[in-house]
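One structure is given here, and the rest of the page talks about it.
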Amino acid sequence: MTPDRLRDALRGVPDPDWLAAALRRVAAEPAAIARLFPAAGRRCGRAELPDLPGWTADEAARALLLAALPADHAAHAEALYRTGDAAEKRAVLKALPLLPVGGAGVPLLHDAIRTNDTRLVAAALGRYARHLDPAAWRQAVLKCVFTGVPLAVVADLDARADGELAAMLAALAAERAAAGRTMPADATDLLDRLRAGADPGPHTGPKEA
């Protein structure tokens, strides 16, 4: 995701002049973002963006506002997340990959993953989740399975999934089977892929000289 793609997707917002002015204002007066960020839902709408699956207009506008800041992106993201409603929190999480914050946003991911808000959990597992350490990332994937968040939202899932995650999924599958419950189909598919990748195939033994 890039700011240009967000701008293109927002061309049809109800009040494009407001958004353009807000972006200029934030670039010149960073403190104004505290007022403009919450207003984005009312001024730009909350509809899903046809050209940007998984994003709504208010999320894209808020991400652009954060990206327009000249400095202190991490501090502003932290403040807006901590004081925002659920929609504003999701926008901050989705904006993190666009911001020059390094790993400073990881505490926000941990906070989102601890909640029972499945939309926050999903937003936390986008591209910025590469900053999560392996143990925290595996637990986040399991949280998705527990709460019914589709694993398709997890960025780099196949690249990061490993034997430890396979063992955790297998244990969960066994526990659910014992209770007469099933695993979500996408979790079962992931476990099958991990098992297939770990299977070296039939052992033929060393060839005779």
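The values are calculated or read from the model by the stated rules, or taken from the named source; none is laboratory data. These figures come from a predicted structure and were not determined experimentally. All Cβ positions, glycine included, derive from the backbone under ideal geometry; neighbour counts span all protein chains shown. We work out accessible area using only protein heavy atoms, side chains counted, and drop any ligands, DNA or RNA first. Shrake-Rupley method; radii C 1.70, N 1.55, O 1.52, S 1.80 Å.
Here are the numbers for the structure shown:
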quantity: Helix-only [θ]222 nm of the chain, DSSP H runs n ≥ 4, -39500 (n - 2.57) each, per residue, nearest 500; calculated: -18500 deg cm²/dmol
quantity: Shape call, the range 82-209: gyration tensor on alpha carbons, a/c limit 1.5; calculated: oblate
quantity: Electrostatic dipole magnitude of the range 54-209 [Cβ: Lys, Arg +1; Asp, Glu -1; Cα centre; debye, to 20]; calculated: 140 debye
quantity: Gyration tensor verdict on the range 74-152 (Cα atoms; rounded if a/c is under 1.5, prolate if a/b is larger than b/c, oblate otherwise); calculated: oblate
quantity: FRET E, pair residue 24, residue 136, Förster distance 35 Å, beta-carbon r, rounded to 0.05; calculated: 0.40
quantity: Farthest positive-ward along the chain dipole, Cα basis, beta-carbon charges - from 178, 38, 77; calculated: 38
quantity: The range 20-86 versus the range 127-178: alpha-carbon centroid distance in Å; calculated: 30 Å
quantity: Helix 73-83 vs. the chain, principal-axis angle (Cα, 0 to 90°, nearest 10); calculated: 90 degrees
quantity: C-alpha long axis of helix 33-44 to longest principal axis of the chain, angle in °; calculated: 80 degrees
quantity: GNM top mover of 134, 53, 150 - the chain, alpha-carbon springs below 10 Å; calculated: 53
quantity: Accessible heavy-atom area order of 25, 35, 114, highest first, probe of 1.4 Å; calculated: 114, 35, 25
quantity: Rounded if a/c under 1.5, otherwise prolate or oblate - the range 2-140, Cα gyration tensor axes; calculated: prolate
quantity: Potential extension, residue 192-residue 146 segment - 0.36 nm per residue separation minus Cα distance; calculated: 14.8 nm
quantity: Stretch gain in nm, segment residue 162-residue 71, where the contour uses 0.36 nm per residue and the Cα spacing is subtracted; calculated: 29.0 nm
quantity: With Cα atoms, 0 to 90° folded angle of helix 185-198 axis to the chain main axis; calculated: 50 degrees
